[in-house]
Amino acid sequence: MIYLAEWDGKKQKSWSGTTYSLLRALEKNNSISSIDININTYTKVKCLLLSGIITGKFTRNLNFNAFYQKDREKKIIKEVQSIDSKNILQIGDIANLNNSMIYQDLSLSFLLKIKEIDPDSFKLSGFSHFKDDELRERNEIQLERYNTAKYILTMSHSLRNHLIEDQGFNENKVIYVGGGINVKPDEAKQKVSKNRRNILFVGRDFLRKGGDLTVSAFKLLKRQEEYKDLSLYIAGPKELSDEYLGEGIHFLGDMSSKELEEYFNICDIFCMPSRFEAYGLVFAEALTHGLPCIGLNKFDMPYFIEDGVSGYLLKSQDGAKQLSDKIDKLLRNEDIFKYVNSNLEEYRREYSWDTVAKRILEVSNEN
């Protein structure tokens with residue numbers, strides 16, 4: 001199999017570890033040819049200048065620079081054709097390759113839909129600074145690659161549903177394969193006694209992930225006598241405004257997966273009412289550590305959280321009072337804690353990169 005991916009400076013951190021973890025899982029029992037698709041600086045500058053001269057705008061983000069996309073695509077196709085392999089896995093839509101598989105967490109058409117039906121979420125998506133014509137131009141390139149590919153492998157159920165229901169792709173072409181955890185549970189450390197007084201929030205993009213709402217809900221609970229000893233651990237942001245700090249709030253900053261492991265073991269529940277989420281792998285990480293979860297009833301959060309069974313789902317329009325009630329209710333619900341802990345093996349199997357790799361290989365073997 002040809003593994004086509006764009007790597008960051010440190011391979012193991014590319015796409016928050018996803019690209020590297022999936023490659024390692026696929027390599028366990030298969031012969032994989034990994035292609036480095038990074039393009040030289042001269043080509044990048046040339047494409048930047050072309051976009052400015054021809055379109056009148058300098059599209060600095062090369063993922064949205066049509067000249068760069070087409071130039072890189074030609075080089076990739078030429079290199080792929082020199083390798084004898086019938087199976088090609090693209091991590092993201094990289095090139096227009098016949099019969100390839102494209103593994104994707106988010107599509108431009110999905111973003112355009114969210115912009116139309118849920119503009120508040122779109123504003124926090126990280127794509128709001130792009131103009132409509134930029135999004136639509138990149139969407140056309142992506143759809144062309146989707147149409148040429150044999151399979152579109154989605155990380156999320158939400159993306160699969162969108163591509164089938166809204167974009168008209170055949171359900172046999174769009175296959176959900178999921179994603180795997182990058183914070184692996186240490187079973188020995190998980191056996192520590194807990195007091196149901198520790199809440200964990202994880203998210204580098206604090207506002208998008210609903211960190212402000214979580215803090216407000218936490219502060220409401222802290223006013224109650226029985227929750228005077230309640231603690232909220234916040235991991236992810238490099239900095240945090242003073243308005244989100246206070247008694248019982250422990251700001252941990254940006255942490256590595258290894259460092260974060262400790263707090264999955266310390267805390268009792270996970271709360272992240274994310275306003276925009278392409279997938280939400282951190283919910284899987286929480287569940288595999290035995291933490292019931294609270295999230296919004298949108299995107300893939302309802303697929304991670306079975307409302308009233310493995311946690312609670314918050315309505316989009318709900319505020320801090322409703323969230324504080326959910327936290328209070330969850331901390332008291334012994335049945336949910338028992339359910340999550342009795343299903344640890346299933347969670348760890350479902351959200352492992354080995355399982356994702358197995359699903360991809362089953363699809364590729366059908367070629």
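The values are calculated or read from the model by the stated rules, or taken from the named source; none is laboratory data. What you see is a predicted model, and the numbers here were worked out from it, not measured in a lab. As a convention, Cβ positions derive from the backbone with ideal geometry for all residues, glycine included, and neighbour counts pool all protein chains shown.
Details
- Only listed residue being in contact with a strand residue (DSSP E or B) (Cβ under 9 Å, 6 or more places away or on another chain) and surrounded by fewer than 22 Cβ atoms within 10 Å (Cβ to Cβ), chosen from Lys298, Lys338: Lys298
- Only one of the listed residues (Thr19, Thr55, Thr43) is crowded, with 21+ Cβ neighbours inside 10 Å and not hydrophobic (A, V, I, L, M, F, W, C). That residue is Thr19.
- Helices (runs of 4 or more DSSP H) enclosed by segment 1-111 - at least 2 residues per element that are out of contact with any helix residue (DSSP H, G or I) (no Cβ under 9 Å at 6 or more places or on another chain): 41-50, 66-81
- Selected residue (only one of Glu116, Glu27, Glu73 is within 28 Å of Lys298 (Cα to Cα), of a type in the set (Asp, Glu) and surrounded by fewer than 20 Cβ atoms within 10 Å (Cβ to Cβ)): Glu116
- Evaluation of Asn265 against (1) surrounded by fewer than 17 Cβ atoms within 10 Å (Cβ to Cβ); (2) modelled with pLDDT under 95; (3) not charged (D, E, K, R) (one fails), failing number: (1)
- Apart from one condition, Lys315 fits all of (1) within 25 Å of Lys222 (Cβ to Cβ); (2) of a type in the set (D, E, K, R); (3) buried (at least 16 other Cβ atoms within 10 Å of the Cβ); (4) in contact with a helix residue (DSSP H, G or I) (Cβ under 8 Å, 6 or more places away or on another chain); the exception is (3).
- Meets criteria (farther than 29 Å from Leu291 by Cβ and more than 19 Å from the chain's Cα centre (by Cα)) for Lys173: yes
- All helices (runs of 4 or more DSSP H) inside segment 124-240 with 2 or more residues being farther than 16 Å from Asp268 by Cα and not assigned by TED's automatic domain parsing to the domain that holds Cys267: 132-148, 157-165
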